[in-house]
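Student: I'd like to ask you about the structure that follows.
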Amino acid sequence: QVQLVESGGGLAQPGGSLRLSCTASGSLFKLFAVGWHRQAPGKQRELVAALSNYGGTINYSDSVKGRFTISRDNAKSTAYLQMNNLEHNDTAIYYCNSGRWKEVLNGDDSTLWGQGTQVTVSS
């Protein structure tokens, strides 16, 4: 069974950086879009960034543009989220998902989801 596993979360200071990884089991990862979503306490889950299967199309939420970068290495079946200049409001559980482009963007339950990794930004 294909699974997504996130890693790289933790505690960072405001202005600091973290890099999240999302690794898929199996060899079909390259065929699908991948996204990063986050859910802060008391808030709905929201899209952070998404990347098409071969990287030709990228989507960022306005709140992270210029600070976060999504990328993927299909040979390693891994997607990344480089987060720079972190802010308190970035504190959330970060999830990756994979599937068809529109479904990834919408965060559909039909996409494959990881278990999430906690990111806390605090001084």
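Student: Which one is nearest to S123 (Cα to Cα), of the residues in the stretch 1-12 that are out of contact with any Lys or Arg (no Cβ under 6 Å at 6 or more places or on another chain) and open to solvent by 20 Å² or more (accessible area, probe 1.4 Å)?
Tutor: L11
Student: Taking the stretch 17-41 only, how many residues are assigned to a loop (DSSP other than H, G, I, E, B) and either open to solvent by less than 20 Å² (accessible area, probe 1.4 Å) or farther than 20 Å from S63 by Cα (or both)?
Tutor: Qualifying residue count, the stretch 17-41: 5.
Student: Select, from G35, G66, G56, G15, the only residue that is within 16 Å of T120 (Cα to Cα) and not basic (K, R).
Tutor: G15
Student: How many residues, within the stretch 79-107, are of a type in the set (D, E) and closer than 18 Å to G66 by Cα?
Tutor: Of the residues in that region, 2 qualify.
Student: In addition: State the number of residues belonging to the stretch 93-102 that are touching a residue at least 60 places away in the same chain (Cβ under 8 Å) and assigned to a helix (DSSP H, G or I).
Tutor: Final tally of qualifying residues: 1.
The values are calculated or read from the model by the stated rules, or taken from the named source; none is laboratory data. What you see is a predicted model; the values in this text were computed from it and never measured. Glycine gets a Cβ as well: all are built from the backbone with ideal geometry, and neighbour counts include every protein chain shown. Each accessible area value is taken on the protein alone, full model and side chains, heavy atoms only, with ligands, DNA and RNA left out. Shrake-Rupley method; radii C 1.70, N 1.55, O 1.52, S 1.80 Å.
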